[in-house]
Amino acid sequence: MEGFFYNPSLLWELNSVIMKVAMASVNTQFKIGEHVVYPLQGVGIVRDIRERTVRETPVLYYVIYIDMSDMTVSIPVDKVAESGVRAIVAPEDAVKALESISSKYEPVSVDWKARYQMNVDLIKEGSIYSIAKVVQGLYHRSKVKELPVQERKLYDNALSLLIDECSYALGKDKKEIEKTIFTYLEK
């Protein structure tokens, strides 16, 4: 083949163009401007969907800003399920989670370290129901005996996560949601 020569930089450029065209057709789970929940961190907003090159391979990332911690995170689109990032729950689910904290509380009779680990695992699960369960358990526990510092921080974090997501799900002010939570807890 006369005139044909191997040009690595041209090949790289061609491969990059092909990958961009392929990635442009990829449907992403979340769209720019959509609110999402990042476990342990709270509600964030998808600010951008950006491509980065990692080990010479283009990778699509969600760029999520989390207001509660004033933090921006980048998560590969194909790893979003593994990271636990999910959509805000439907309003019905937020109401059910809030109502669940008024159910009969069953105290857990383990030492605080084991209880702390159980609660951390529940929060890592990421569901609004597990977060509500942590809030309920630690709230009632604090009425019996003062919580150790780590558990108090965990309670405050879980409460903030619950308020944050319910606020977005129900379209209500955070102060109003907080008042509702304490009303349910006192039932």
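Values in this text are rule-based calculations from the coordinates and carry no lab data. Remember, it's a predicted structure, so these values are computed and weren't measured experimentally. Note that we place each Cβ from the backbone using ideal geometry, even for glycine, and neighbour counts take in every protein chain shown.
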Could you compute the net charge surrounding Glu106? Neighbours are other residues with a C-beta less than 12 Å from the C-beta of Glu106; K and R count +1, D and E count -1. +3
Helix 91-100: inclination vs the chain longest Cα principal axis, degrees, rounded to 10, gives 40
Roughly how far apart, in whole Å, are the Cα centres of region 132-167 and region 32-48? 22
Give me the angle, in degrees from 0 to 90, between the Cα long axis of helix 112-125 and the longest principal axis of the Cα atoms of the chain, rounded to the nearest 10. 40
Quick one: 3J(HN,Hα) in Hz for region 166-173, Karplus 6.51/-1.76/1.60 with θ = phi - 60°, rounded, Gly and Pro as x. 5, 4, 5, 5, 9, x, 10, 5
Test of understanding: what is the full-extension gain from Glu56 to Glu176, defined as 0.36 nm times their sequence separation minus their Cα-Cα distance? 38.3 nm
Using only the alpha-carbon atoms, how far is helix 174-185 inclined from the longest principal axis of the chain? Give it as 0 to 90 degrees, nearest 10. 50
Dipole of region 111-172, positive end: most advanced residue of Ser142, Ser130, Gly171 [Cβ charges, Cα centre]: Ser142
Work out Dmax and Rg for the chain from the C-alpha atoms and quote the Rg first, both in angstrom. 22.3, 87
Sparsely packed trypsin sites (Lys or Arg not before Pro) within region 60-127, loop by DSSP, other Cβ within 10 Å at most 10: Lys104
³J(HN,Hα) across region 69-75 via Karplus (A = 6.51, B = -1.76, C = 1.60, θ = phi - 60°), whole Hz, x for Gly/Pro? 10, 6, 10, 10, 10, 10, 10
What are the residues whose amide H is under 5 Å from the amide H of Tyr61, where those residues sit 5 or more places off or on another chain and H is modelled from the backbone? Arg50, Glu51, Arg52, Val77
Equivalent ellipsoid semi-axes for region 91-185, as square roots of 5 times the alpha carbon gyration tensor eigenvalues: give them largest first, rounded to whole Å. 22, 13, 12
